[in-house]
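> My questions all concern the structure below.
The values are calculated or read from the model by the stated rules, or taken from the named source; none is laboratory data. Nothing here was measured: the structure is a model prediction, and the numbers come from that model. Reconstructed Cβ throughout: ideal geometry from the backbone, glycine too, with neighbour counts over all protein chains shown. The accessibility values were calculated without ligands, DNA or RNA, using every heavy atom of the protein model including side chains. Shrake-Rupley method; radii C 1.70, N 1.55, O 1.52, S 1.80 Å.
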Amino acid sequence: MANAEERRFDVLRAIVADYVSNQEPVGSKAIVERHNLGVSSATVRNDMATLEEEGYITQPHTSAGRVPTDKGYRLFVDRLSEVKPLSAAERRAITTFLDSGTDLDDVLRRSVRLLAQLTRQVAVVQYPMLTNAKVRHLEVVPLTPARLMLVLITDNGRVDQRTVDLGDVVTEEDVARLRTVLNTAMSGRRLNDAAARVAELPDQAPGELRDALIRVTTVLVESLAEHPEERLVLGGTANLTRNVADFPGSLRQVLEALEEQVVVLKLLAAARNPGAITVRIGEENEDEQMRSTSVVSIGYGQDMVLGGMGVVGPTRMDYPGTIAAVRAVANYVGQILHGS
């Protein structure tokens, strides 16, 4: 029995491979000719009948061939024992391109562009989540005697700059004291904890620093409380329009859903373990507008997930190639942000 099941899976795999590359429904004759399965076309026809009965393939009404269903793609993806590795040239291109990123924004923009090019789908990256982020350092830079720039640096690569008008002139010694007081309260603390500590500082400050501290801490608390993880970078949307036939009557819905950050954030929310790939196929997507798509997502980061990234495309996609590209780019982005 196991042999018959394995053989049927080989037939399914052949149908997936041919349909993904040719966009044409696949017949038994083509399978026998193109794939060396070592069985007759009658056996392949019987296997296809069983696969169809079990809901793994279906017959588009105008054709003699068969195409995979969502259930068929799901079995194929679940049984993917080997994901084709990226070539050395592709890996080098990723490293070179991402290594030249100048800051977090640039690295994320580049990773989206790269992922869209590698997979020829829509790529999406979520800004690092801050729930686990800690303050690495706060730099206080005098721009004028009455104006400061605050540069907040977190351990996950986020750099946030704010300016503060002090309403009064402060000396260089006062700026140095402000820097020390603020870093003592914040360094090494999680952001919400740092915000709570900073908010208490004006009450404990010496009189001559109190006004300046009130203004600085107001701006800092606001900065610490922001949630950039709700920001997304999207790229390659035009790739979806290349094969309109993959989205019968629903391409517009998909494009509209991609514009809604909430929908896309939900797609990435499953990514909780760094390096663990999640594949949602067709009907498995919660959002109705996304039911004609597949979403391949992953959490990026080294020791913990900083955010999610992934690819949205038609269910007829090159799953092994897409999974390999998403994994590789996530891996490099994790390394870059870990080292920054």
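> Is it the case, given these coordinates, that L201 is buried (at least 17 other Cβ atoms within 10 Å of the Cβ) and either of a type in the set (V, I, T) or without any contact (Cβ under 8 Å) to a residue 60 or more places away in the chain (or both)?
On the way: buried (at least 17 other Cβ atoms within 10 Å of the Cβ): yes; either of a type in the set (V, I, T) or without any contact (Cβ under 8 Å) to a residue 60 or more places away in the chain (or both): yes.
When the stated conditions are applied, L201 passes them.
> Can you name every residue in segment 229-268 that is in a loop (DSSP other than H, G, I, E, B) and either under 12 Å from the mean Cα position of the chain (by Cα) or without any contact (Cβ under 8 Å) to a residue 40 or more places away in the chain (or both)?
Applying the first criterion (in a loop (DSSP other than H, G, I, E, B)) to segment 229-268 yields 231, 236, 247-250, 260.
Hits for segment 229-268 are R231, G249, E260.
> Let me ask something additional. Please enumerate the residues belonging to segment 160-207 that are assigned to a strand (DSSP E or B) and either of a type in the set (G, A, S) or touching a Leu at 6+ places or on another chain (Cβ under 8 Å) (or both).
D160, Q161, R162, T163, V164
> Can you report the number of residues in segment 315-330 which are over 20 Å from S81 (Cβ atoms) and either β-branched (V, I, T) or open to solvent by 10 Å² or more (accessible area, probe 1.4 Å) (or both)? Outline the logic, then answer.
Taking segment 315-330 and keeping what is over 20 Å from S81 (Cβ atoms), we get 315-316, 329-330.
Narrowing further to those that are either β-branched (V, I, T) or open to solvent by 10 Å² or more (accessible area, probe 1.4 Å) (or both): 315-316, 329.
Of the residues in segment 315-330, 3 are over 20 Å from S81 (Cβ atoms) and either β-branched (V, I, T) or open to solvent by 10 Å² or more (accessible area, probe 1.4 Å) (or both).
> Determine which single condition M304 fails, assuming it passes every other condition in (1) farther than 20 Å from R74 by Cα; (2) part of a strand (DSSP E or B); (3) not acidic (D, E).
With (1) farther than 20 Å from R74 by Cα; (2) part of a strand (DSSP E or B); (3) not acidic (D, E) applied to M304, the lone miss is (2).
> Kindly state which helices (runs of 4 or more DSSP H) lie completely within segment 53-146 and contain at least 3 residues that are open to solvent by less than 30 Å² (accessible area, probe 1.4 Å) and either within 22 Å of S297 (Cα to Cα) or not assigned by the TED database to the domain that holds R215 (or both).
Values: elements: 70-78, 88-99, 104-119.
Answer list for segment 53-146: 70-78, 104-119.
> Any residue in segment 233-245 that is touching a Pro at 6+ places or on another chain (Cβ under 7 Å), outside the structural domain of V16 (by the TED database) and open to solvent by 30 Å² or more (accessible area, probe 1.4 Å)? Give the derivation first.
The first filter runs over segment 233-245 and keeps only residues touching a Pro at 6+ places or on another chain (Cβ under 7 Å), leaving 243.
Filter once more, keeping what is outside the structural domain of V16 (by the TED database): 243.
After this cut, where a residue has to be open to solvent by 30 Å² or more (accessible area, probe 1.4 Å) as well, the list is 243.
Yes: one or more hits.
> Within segment 267-286, count every residue that is in contact with a helix residue (DSSP H, G or I) (Cβ under 9 Å, 6 or more places away or on another chain), surrounded by fewer than 17 Cβ atoms within 10 Å (Cβ to Cβ) and at pLDDT below 90.
2
> For R79, which of the numbered conditions (1) within 30 Å of A185 (Cα to Cα); (2) charged (D, E, K, R); (3) over 22 Å from the mean Cα position of the chain (by Cα) fails to hold?
Condition not satisfied by R79: (1).
> Hey, among V44, V20, V39, which residue is out of contact with any Gly (no Cβ under 7 Å at 6 or more places or on another chain), free of Cβ contacts under 8 Å to residues at least 60 places away in the same chain and not in a loop (DSSP other than H, G, I, E, B)?
Details: V20 fails: free of Cβ contacts under 8 Å to residues at least 60 places away in the same chain; V39 fails: not in a loop (DSSP other than H, G, I, E, B).
Sole residue among the options that is out of contact with any Gly (no Cβ under 7 Å at 6 or more places or on another chain), free of Cβ contacts under 8 Å to residues at least 60 places away in the same chain and not in a loop (DSSP other than H, G, I, E, B): V44.
> While we're here: Just wondering, is there one or more residues in segment 210-227 that are open to solvent by less than 50 Å² (accessible area, probe 1.4 Å), hydroxyl-bearing (S, T, Y) and assigned to a helix (DSSP H, G or I)?
The initial filter retains those residues of segment 210-227 that are open to solvent by less than 50 Å² (accessible area, probe 1.4 Å), namely 212-213, 216-217, 219-221, 223-224.
Okay, now just the ones that are also hydroxyl-bearing (S, T, Y), so 217, 223.
Those still in the list that are assigned to a helix (DSSP H, G or I) too: 217, 223.
Yes: segment 210-227 contains one or more residues that are open to solvent by less than 50 Å² (accessible area, probe 1.4 Å), hydroxyl-bearing (S, T, Y) and assigned to a helix (DSSP H, G or I).
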